[in-house]
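A short write-up of the structure that comes next.
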Amino acid sequence: MPLPSRKSLLVGLLVLAWLTAMASAFWWYQARYIRPFADTTALFSGDPLRLPAELAGPGPIRLVHFWDPACPCNVGNQQHLAELIARFASQGVVFYAVQKPGSQGQLPDTLSALKPLSQFPGAEQLPASPAVGIWDKDGKLAYFGPYSEGATCTSSNSFIEPILEALAQNRPINATHTLAVGCFCPWAEPAVGH
């Protein structure tokens, strides 16, 4: 059996190095961003939430997006949130965002219509994010919970469109306690055991 030429040996080593680099990159990416969908159950209760004083009372329908930049689940609903803004802002719905305290990051440019709120009474008791609160024209909390159930959020599986449509038609909604299974990240830091 003849020995491989230098050129063949070099090509073989380059292919091996390329395969090793691709396998390492895939493993790193998978470990960092891709995770299997786990049935995470969260109980959302809107009881502690209050609109800040400057937003409280009668006014437009107000949607508040609660998000954590470190939560990979937020990426799954950003396109849907942009679609909600495009569809309902012209109907008078005003969109706000509350970022998890102590977190770093910003929303993409497609969500620049969201008005940031630095303080939100009761937000420290949120169970998970992403979450959404919707207040009706009287300033009463109509809905609090997730955008949808499941691993992703789209207009086809969303809870939000029917609620906004009903509120726009002045139909009363009271859905402030929601049990959902989906992609969620904890909002509050877990208590450290003794």
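Listing for the model above:
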item: Packing rank of 127-133, 48-54, 74-80, 8-14, where each peptide gets the mean count of other beta carbons within 10 Å, highest leading; result: 127-133, 74-80, 48-54, 8-14
item: Share of carbon and sulfur in the accessible heavy-atom surface of the range 43-161 [1.4 Å probe, %]; result: 52 percent
item: Cα-Cα separations in the chain greater than 23 Å, expressed as whole percent; result: 50 percent
item: Using alpha-carbon coordinates, inclination of helix 6-32 to the longest axis of the chain, degrees; result: 20 degrees
item: Residue among His80, Ala42, Ile160 farthest towards the positive dipole end of the chain, charges placed on Cβ; result: His80
item: Cα-based Lys pair tally, the chain, threshold under 25 Å, eight or more apart or on separate chains; result: 4
item: Tyr143 long-range amide H proximity, modeled H, under 5 Å; result: Ile134, Ala175
item: Under-5 Å amide H pairs with Ala131, H placed in peptide plane, nonlocal only; result: Phe66
item: Inter-label distance, nm, simple model (7 Å from Cα along the C-beta direction), Ser24/Ser112; result: 3.9 nm
item: Gyration tensor (alpha-carbon) shape descriptor, the range 77-146, a/c threshold 1.5; result: oblate
item: Förster-model FRET efficiency, 45 Å R0, Asn170 and Gln104, C-beta, rounded to 0.05; result: 0.65
item: For Leu126, residues with placed amide H under 5 Å, excluding near neighbours; result: none
item: Per-residue HN-Hα couplings for the range 72-84 [Karplus 6.51, -1.76, 1.60; θ = phi - 60°; Hz; x = Gly/Pro]; result: x, 5, 5, 4, x, 10, 5, 5, 5, 5, 4, 5, 4
item: Antiparallel DSSP beta bridges within the chain, percent to nearest 5; result: 65 percent
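The values are calculated or read from the model by the stated rules, or taken from the named source; none is laboratory data. Keep in mind it's a predicted model, so treat the numbers as computed, not measured. Every residue, glycine as well, gets a Cβ built from its backbone with ideal geometry; the counts of neighbours run over all protein chains shown. Heads up: the accessible areas ignore ligands, DNA and RNA and are worked out on the full protein's heavy atoms, side chains in. Shrake-Rupley method; radii C 1.70, N 1.55, O 1.52, S 1.80 Å.
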